[in-house]
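Asker: A single structure is presented below for examination.
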Amino acid sequence: MGREVVVTGFGVHTAHGRGAPAVRDGVFAGKAAFAPVTRFDTSPYRGSVAATVPGDPELLEVLAGCVEDALTMAGRADGGDMPFLLGCLGDFGAITRFWRDGPSADTVNGTPAVVADTIADRFSLRGKRLTYTNACVASAAAIIHGWQLVSSGRADTVVCAGVYLLEEATFGQFDSGLAISLDSTLRPFSADRRGMLLGDGAAVVVIESADVARRRGSTPLARITGWGLASDAYHIAKPHPDGKGLALAVEQALRMSGTGPEGIGYVNAHGTGTRLNDSAETNGLRAVFGASADAIPVSSTKSTTGHLMAASGAVEFVISLLALMDNVLPPTAGYTTPDPACDLDYVTEGPRAADLRRVLTLNAAFGGMNTAILLESP
Amino acid sequence: MTTRQSLSLTVVAVATRTEPDGHPDIPRLPGFVESTFNPLLFDVAQRCLTAAPGDPSRTAVVLGGLMGDSTTFDLTSQRMVAGQVHNPLLFMQATSNSVLGYLSREFGITGPMSCLSVSGGLAGELLLAADLVLDTAEVDRVLLLGVELAANERTGHAYRLLADSGGQVGPPVADVAVALLVERGAGPVEITSIGAAEDLGGAPAPGGYGSVQGLVHLALGCTGSGAPGTTTLVHDPTAPAEQAVVELTHRDAALDKGPEA
């Protein structure tokens, strides 16, 4: 039995803006932030829409803002021996600039580890620095690793993060893979879903030992009581149609927390709006919860933020945390038509009041990697 | 070693691909193109998992390196800058998750899989990650993988910038891959601690393997001729001082070197 792990601070930035109020006004109101991309020329591509913050901000600066917010909220703005665990595939924009404009000092930022090192140095975070690069589960994996460090006593406090800003290389890749929705809307779980849309996002969470937080006089925002990490063993890019790995991850998280199906008040789904993901995710939840799944609200907040790639896990962790703190379920936007393959309660009518005790946030990625993290009220 | 973190890991298989002249004989991997990153990774992983079969539902995988699959990243970027259409095959292998997904399918691995980028001391970080993963009830063994590709124009510039700012990791002389399969319990070679370098005797081992230097040295140490009961100190020159040395204890005969080690 390890130490209790709590959340004591967070920072978040999406196309809706920076900070919790922007998430409440955008994500929880069900407002989709998609608009024509102006950051680069989309004329060579099929798609043209994403959820981006204004202009062409620096990835490091957006992430730094979230770190500052999270450390301030946690009362740890002075830094210290805290590890910094980041989900990030590097700044692809820096790679593009190298090949387009030539070498510069910025070229090094295409290296994922450099992003974590730079930010950790800036905020005097002197613990270990690790950058998770496993795509859409990267920052969820960073949070899970942070939990393990704290629970096992190897660290008292860990700063976990994720960041992705839209750039042309990734946009073009997903466009070439026919994964981008062409109707300017991301419609998770809806029968007429046509694919995903990308978005800008960054989030940072400070997690620490409950005892340490108590001694510091810090008020926990939530406890992390379970998590799961599992693989599909199925395909390099497609999810297992039965949601096999996702179900394994959820079962692991429930087992770890000692929670039964009836204990889950909300699931923040990965919900990419692709035909294969959404039915697989539904099947995975059905496999775990059985008939009880009918009573568990599930929503995809990517319908408002877009798919945040390596930042998905951290941003959706924060959204789930806010749901728990506010007792409000964020809706699935863009939903129009029921799909027999997606037969859960997807919170399609708009934000919904709820009495929440435990929420689950899920992510999945290429290669069949799946994560589940269970948050509980403190 | 004056300061150390105790570990309790047993190495049950190792495999390396360290040929300085490249890997002309590396088998192609269906669905993966252009880059040697994926076939190299699969080769060393497959050899470890075949040498020491176990329960794939209780096997975890942790992949580490610094630059990742730079060949795929740079090819994608170069094609885009040149105004060429994106290659959907490159999209499919755009992250290292994809080749791990292929590996997991081939071997039925349903345990956790992770990919890490670390700017120094990869060997120590992967061993510490394995130690954490093995604390969970669902995992019995962890396949540690390190892959780094030789520098190209872009990563070569990045390496120079890193060196200018005090970084300890340089580019490997050639594409290199290494795998170690570790678990708990007694075995022929045990990893007992990670610590500082003050007591390291003799000259550091030769370099040339970039970020995976320490992992390669570790693999060579495991397959070396240490007599039962003796210890070997493996130096990772890329690591921070407090994690620069991994201590191996030889309990039994050395591990089989395998065809490429």
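Asker: Tally the residues that are over 19 Å from the mean Cα position of the chain (by Cα), part of a helix (DSSP H, G or I), farther than 15 Å from B:Val133 by Cβ and of a type in the set (A, V, I, L, M), restricting the search to region A:117-154. So that I can check it myself, show each step before the final result.
Answerer: Residues of region A:117-154 that are over 19 Å from the mean Cα position of the chain (by Cα), as a first pass: A:117-129, A:149-154.
Still in the running and part of a helix (DSSP H, G or I): A:117-122, A:149-151.
Filter once more, so that each one left must be farther than 15 Å from B:Val133 by Cβ: A:117-122, A:150.
Filter again for of a type in the set (A, V, I, L, M), leaving A:119-120, A:150.
The number of residues fulfilling the criteria is 3.
Asker: Go through (1) surrounded by 24 or more Cβ atoms within 10 Å (Cβ to Cβ); (2) not in a helix (DSSP H, G or I) one by one and return the number of the condition A:Leu63 breaks.
Answerer: Status for A:Leu63: all satisfied but (2).
Asker: Moving to a separate point now. Take the residues in region A:315-338 that are part of a helix (DSSP H, G or I) and among the β-branched types (Val, Ile, Thr), then tell me which one is surrounded by the fewest Cβ atoms within 10 Å (Cβ to Cβ).
Answerer: Top of the filtered list is A:Ile319.
Asker: Does A:Phe34 satisfy the criteria of being among the aromatic types (Phe, Trp, Tyr) and either out of contact with any strand residue (DSSP E or B) (no Cβ under 7 Å at 6 or more places or on another chain) or under 23 Å from A:Glu376 (Cα atoms) (or both)?
Answerer: Spelling it out, it is not the case that A:Phe34 is among the aromatic types (Phe, Trp, Tyr) and either out of contact with any strand residue (DSSP E or B) (no Cβ under 7 Å at 6 or more places or on another chain) or under 23 Å from A:Glu376 (Cα atoms) (or both).
Asker: Here is a follow-up. So which of B:Leu100, B:Leu127, B:Leu181, B:Leu145 ends up being crowded, with 22+ Cβ neighbours inside 10 Å, out of contact with any Phe, Trp or Tyr (no Cβ under 7 Å at 6 or more places or on another chain), more than 7 Å from chain A (Cβ to nearest Cβ) and within 26 Å of A:Cys136 (Cβ to Cβ)?
Answerer: B:Leu145
Asker: Checking the structure you have, find out if any residue of region A:82-94 is modelled with pLDDT under 95 and among the charged types (D, E, K, R).
Answerer: Yes: one or more hits.
Asker: Among the numbered criteria (1) over 23 Å from A:Gly146 (Cβ atoms); (2) touching a Lys or Arg at 6+ places or on another chain (Cβ under 9 Å); (3) small (Gly, Ala, Ser), which one does A:Ala353 miss?
Answerer: Unmet for A:Ala353, out of (1) over 23 Å from A:Gly146 (Cβ atoms); (2) touching a Lys or Arg at 6+ places or on another chain (Cβ under 9 Å); (3) small (Gly, Ala, Ser): (2).
Asker: Could you grab me the full set of residues in region A:78-109 that are assigned to a loop (DSSP other than H, G, I, E, B) and without any contact (Cβ under 8 Å) to a residue 12 or more places away in the chain?
Answerer: A:Gly102, A:Pro103, A:Ser104
Asker: Within the group B:Gly108, B:Gly83, which residue is at the interface with chain A (Cβ under 7 Å from one of its Cβ atoms) and surrounded by fewer than 18 Cβ atoms within 10 Å (Cβ to Cβ)?
Answerer: Numbers: B:Gly83 fails: at the interface with chain A (Cβ under 7 Å from one of its Cβ atoms).
Answer to the selection: B:Gly108.
Asker: Can you work out which of the residues in region A:26-49 that are assigned to a loop (DSSP other than H, G, I, E, B) and among the aliphatic types (A, V, I, L, M) is farthest from A:Thr96 (Cα to Cα)?
Answerer: A:Ala29
The values are calculated or read from the model by the stated rules, or taken from the named source; none is laboratory data. Fair warning: this is a prediction, and the values are worked out from it, not measured in the lab. As a convention, Cβ positions derive from the backbone with ideal geometry for all residues, glycine included, and neighbour counts pool all protein chains shown.
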